[in-house]
Amino acid sequence: MRERITRMLIKEFIQILRDPRMRTVIFVMPLVQTLVFGYAVTTDVTDIPTALFDLDNSRASRELAAQFSGSGYFDVVAYIDREEAARHLLDRGAVKAVLRMNKGFGDALRAGRTAPLQVIVDGTDSNTAAIVLNYAGQIAGRFSEAVLQTRVVRATGEPATPARVIVETRAWFNENLESRNFYVPGVIVLIVTLVTLMLSSMAVVREKEIGTIEQIMVTPISQAEFILGKTLPFALIGFADVALVTVMAAYWFDVPVRGSLLLLIGATTLYLMSTLGIGLLISTISRTQQQAMMSAFFFYFPAMLLSGFVFPIANMPEGVQWLTYLNPLRYFLVIIRGIFLKGVGPELLWPQMAALLILGTVTLWVASKRFQKTSI
Amino acid sequence: MLSDPESYAVVVRDLEKRFGSFVAVNRISLQVKAGEIFGFLGPNGAGKSTTIRMLCGLLTPTAGTGTVAGFDIRQQAERIKAHIGYMSQKFSLYDDLTVEENIDFYSGIYRIPDGKKAARKEWVIQMAGLVQHRTSRTAVLSGGWKQRLALGCAILHEPPIIFLDEPTSGVDPISRRSFWDLIYTLAGEGVTVFVTTHYMEEAEYCDRLGLVYRGELIAAGSPDELKTHFMQDDIVEVLCEQPQEALSVLGTVAGVKEVALFGKGLHVVVERQAADVIGAIQSRLAERNFAVSRAERIVPSLEDVFVSLIEARDRQEQPQAEVAG
């Protein structure tokens with residue numbers, strides 16, 4: 001048993017490492033994806049290109065505008081004086097927001113009347129637009145309060161001390177709310193899934209297509225030995241990729257790793273059972289490598305979208321939420337984020353680990369049932 | 001008939017394989033003695049590979065029974081695999097591995113004892129003539145080398161029976177010759193060789209032959225038996241000028257059943273009972289001014305036998321087909 005599996009392992013590694021395309025998939029792709037998610041993919045909204053449409057040009061209007069540009073969220077890139085100009089800039093996408101103050105803005109404030117500030121946002125990306133409006137509301141609120149204070153001081157000679165609620169926020173686990181800390185650990189899940197799924201789905205069908213499988217099937221190698229020989233090498237590569245991304249996350253991106261690395265290895269083992277089982281199943285069913293590749297992606301994309309990697313599962317329609325219980329990515333993501341950011345252990349993560357064990361056992365069992373040394 | 005199963009390496013009865021409604025192998029029965037070179041002869045698509053794949057445990061038969069090396073082909077396919085070597089029609093070692101890596105791989109899969117590994121590896125490398133190419137990738141080797149390396153890897157574990165599926169297709173004549181020398185050497189050591197081919201001259205090298213046509217075994221026997229027992233007609237070899245034109249002239253001579261170009265001359269199939277058919281042929285050719293240098297009865301070649309058997313089979317089936325259609 002050991003000798004045959006060792007031989008299969010050596011052979012698979014020689015073949016994979018000799019193929020430049022495979023080397024790229026295994027080593028370069030994880031690096032690139034981690035860098036992309038670490039640097040480029042961010043849902044933090046800052047430096048919103050903004051046009052200032054100030055028809056009043058009073059002290060008050062200039063002060064409010066300065067509050068906006070000083071906040072760090074808004075970057076005033078254009079000063080306009082006609083409505084068509086605002087439309088034009090938004091159409092072109094040159095600005096995402098327009099701040100408009102009409103003539104009489106400053107006079108109204110001085111006279112103690114309500115003064116409107118119009119904020120026009122580009123609502124194409126609804127998420128960003130909502131965040132922009134939220135920022136604008138906060139800035140305007142602070143400004144109003146300052147105006148009020150000035151009036152009270154001027155009238156009474158003392159600052160106002162009204163009773164009110166102050167919101168003091170604390171974000172746990174990801175204190176600065178950096179989207180990098182949320183996405184980079186998730187990349188581990190993406191990478192491990194993609195690499196092991198691709199390698200294992202090619203594993204058997206490639207030999208079928210070239211014809212080399214016939215020569216092995218006519219040897220006395222057992223079905224279990226063959227299946228282990230066709231999954232273990234990819235499991236090892238999966239572990240290598242987990243290590244690679246973890247090191248990059250911790251030392252390059254300063255993503256916290258608060259939990260146990262041993263738990264990470266254990267959870268990865270459980271998770272790999274599922275991806276390798278699915279890959280092997282695809283490989284035994286497919287007739288050509290192209291077919292296997294298509295099937296692998298057909299699984300990968302919906303599984304990724306329905307994993308909670310980007311879109312929270314709680315926001316999905318109920319039927320879809322039920323479907324995600326069959327998705328191994330979902331559980332692994334919870335475990336990975338739990339280990340990295342929360343530092344929680346098996347006492348809290350056991351349901352997810354149990355789910356992975358069940359899914360992994362079932363997929364591997366089905367795949368090995370499908371694979372027969374003698375064809376019918 | 002099976003009084004002494006020990007002496008038979010392969011025994012099959014009514015072996016059948018259907019793919020949907022297509023009958024690839026139709027109730028083939030045959031026996032191969034231990035130590036024999038058995039040739040499985042037939043045109044492409046006759047069912048040779050399908051039969052061999054069922055014998056090697058790669059394919060489950062639809063019906064029929066059989067044993068290989070004493071093991072049942074349905075129940076004990078995995079046990080058979082330890083006792084046979086198989087070389088498929090298509091080169092099926094790893095192109096991206098080197099010669100030595102391929103040998104090491106199969107040597108591990110067959111679990112050759114550690115003490116013997118090095119010797120077996122050397123044997124394969126010497127036998128295949130790959131001493132200079134130990135570390136070359138198999139992809140760059142020529143056809144003859146690949147074929148001998150494939151054979152070497154298939155018999156690393158010294159199996160008593162080897163199955164070769166068209167081993168010499170796409171190989172140059174010299175390599176083909178030396179490959180057959182190798183097969184003879186193995187047979188001399190007591191190995192049973194089951195080989196498929198569609199080359200007639202290769203068939204002559206075999207101890208016994210089975211002729212397959214459209215999934216059926218239409219004749220079996222030694223090459224000499226086939227030539228003498230299975231021919232209902234005689235073959236007259238005619239050497240003359242312009243054989244192509246002569247061909248059309250001879251078709252109408254009484255007693256002549258078939259005329260075909262064969263090498264530089266013609267092979268004329270004549271009825272055995274026909275009186276002085278040679279005289280009739282000669283006079284017909286003289287009438288039409290063809291200079292004849294030779295016209296004699298000859299021992300038929302295997303090709304003659306095969307063609308005549310196939311035609312007999314086709315004639316037999318045609319009326320049936322017409323009734324059925």
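The values are calculated or read from the model by the stated rules, or taken from the named source; none is laboratory data. Small disclaimer: the values here were computed from a predicted structure and weren't measured. Backbone-built Cβ (ideal geometry, glycine too); neighbour counts: all protein chains shown.
Figures for the structure shown
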quantity: Test: residue in region A:229-244 that is touching a residue at least 12 places away in the same chain (Cβ under 8 Å), surrounded by fewer than 22 Cβ atoms within 10 Å (Cβ to Cβ) and basic (Lys, Arg); calculated: no
quantity: Output for region B:161-182, where each listed residue is in contact (Cβ under 8 Å) with a residue 24 or more places away in the chain, more than 14 Å from every other protein chain (Cβ to nearest Cβ) and either outside any loop (DSSP other than H, G, I, E, B) or under 18 Å from residue B:120 (Cβ atoms) (or both); calculated: B:174, B:175, B:176, B:178, B:179, B:180, B:182
quantity: Some residue of region A:200-222 being surrounded by fewer than 22 Cβ atoms within 10 Å (Cβ to Cβ) and within 25 Å of residue A:328 (Cα to Cα); calculated: no
quantity: Number of the exception - residue A:312 against (1) more than 16 Å from residue A:270 (Cβ to Cβ); (2) surrounded by 15 or more Cβ atoms within 10 Å (Cβ to Cβ); calculated: (2)
quantity: Qualifying residue in region A:279-288 (condition: free of Cβ contacts under 8 Å to residues at least 12 places away in the same chain and either surrounded by fewer than 17 Cβ atoms within 10 Å (Cβ to Cβ) or not assigned by TED's automatic domain parsing to the domain that holds residue A:209 (or both)); calculated: no
quantity: Test: residue in region A:291-304 that is among the polar types (S, T, N, Q) and surrounded by 19 or more Cβ atoms within 10 Å (Cβ to Cβ); calculated: yes
quantity: Selection status of residue A:323, assigned to a helix (DSSP H, G or I), assigned by TED's automatic domain parsing to the domain that holds residue A:242, among the aliphatic types (A, V, I, L, M) and surrounded by fewer than 19 Cβ atoms within 10 Å (Cβ to Cβ); calculated: yes
quantity: Index of the failed condition, residue B:32 passing every other in (1) touching a helix residue (DSSP H, G or I) at 6+ places or on another chain (Cβ under 7 Å); (2) of a type outside the set (D, E, K, R); (3) more than 9 Å from chain A (Cβ to nearest Cβ); (4) not in a helix (DSSP H, G or I); calculated: (1)
quantity: Breaking point among (1) of a type outside the set (Lys, Arg); (2) surrounded by fewer than 13 Cβ atoms within 10 Å (Cβ to Cβ); (3) more than 14 Å from chain B (Cβ to nearest Cβ), for residue A:106; calculated: (2)
quantity: Sole residue being surrounded by 20 or more Cβ atoms within 10 Å (Cβ to Cβ), in contact with a Ser or Thr (Cβ under 6 Å, 6 or more places away or on another chain), within 11 Å of chain A (Cβ to nearest Cβ) and not basic (Lys, Arg), chosen from B:92, B:107, B:49, B:88; calculated: B:92
quantity: Residue within region B:113-125 that is within 11 Å of chain A (Cβ to nearest Cβ) and part of a strand (DSSP E or B) present; calculated: no
quantity: Checking residue A:151 against (1) surrounded by fewer than 17 Cβ atoms within 10 Å (Cβ to Cβ); (2) within 20 Å of the chain's Cα centre (by Cα); (3) not aliphatic (A, V, I, L, M), the condition it does not meet; calculated: (2)
quantity: Of the criteria (1) within 14 Å of residue A:48 (Cα to Cα); (2) at pLDDT 90 or above, which one residue A:79 fails; calculated: (1)
quantity: Residue that is nearest to residue A:216 (Cα to Cα) [pool: residues in region B:76-101 that are touching a strand residue (DSSP E or B) at 6+ places or on another chain (Cβ under 8 Å) and assigned to a loop (DSSP other than H, G, I, E, B)]; calculated: B:88
quantity: Lone unmet requirement of (1) more than 11 Å from chain A (Cβ to nearest Cβ); (2) without any contact (Cβ under 8 Å) to a residue 12 or more places away in the chain for residue B:99; calculated: (2)
quantity: Flag if residue A:127 is polar (S, T, N, Q), modelled with pLDDT of 90 or more and in the same structural domain as residue A:90 (by TED's automatic domain parsing); calculated: no
quantity: Leading residue by the ranking (surrounded by the fewest Cβ atoms within 10 Å (Cβ to Cβ)) among those in region B:122-135 that are free of Cβ contacts under 8 Å to residues at least 24 places away in the same chain and under 24 Å from residue B:195 (Cα atoms); calculated: B:126
quantity: Subset of region A:1-48 (residues that are outside any helix (DSSP H, G or I) and either under 17 Å from residue A:216 (Cα atoms) or within 14 Å of another protein chain (Cβ to nearest Cβ) (or both)); calculated: A:1, A:19
quantity: Long-range neighbours under 7 Å by Cβ, at least six apart or interchain, first residue free of Cβ contacts under 8 Å to residues at least 40 places away in the same chain within region A:119-145, second crowded, with 18+ Cβ neighbours inside 10 Å and in a loop (DSSP other than H, G, I, E, B); calculated: A:121/A:96; A:122/A:96; A:129/A:122
quantity: Of all residues making up region A:49-66, the number that are touching a residue at least 40 places away in the same chain (Cβ under 8 Å) and assigned to a loop (DSSP other than H, G, I, E, B); calculated: 3
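Matching residues to (1) exposed (fewer than 15 other Cβ atoms within 10 Å of the Cβ); (2) in contact with a Pro (Cβ under 8 Å, 6 or more places away or on another chain); (3) modelled with pLDDT of 95 or more:
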{"residue": "B:6", "(1), (2), (3)": "yes, no, no"}
{"residue": "B:20", "(1), (2), (3)": "yes, no, no"}
{"residue": "B:26", "(1), (2), (3)": "no, no, no"}
{"residue": "B:34", "(1), (2), (3)": "no, yes, no"}
{"residue": "B:59", "(1), (2), (3)": "no, no, no"}
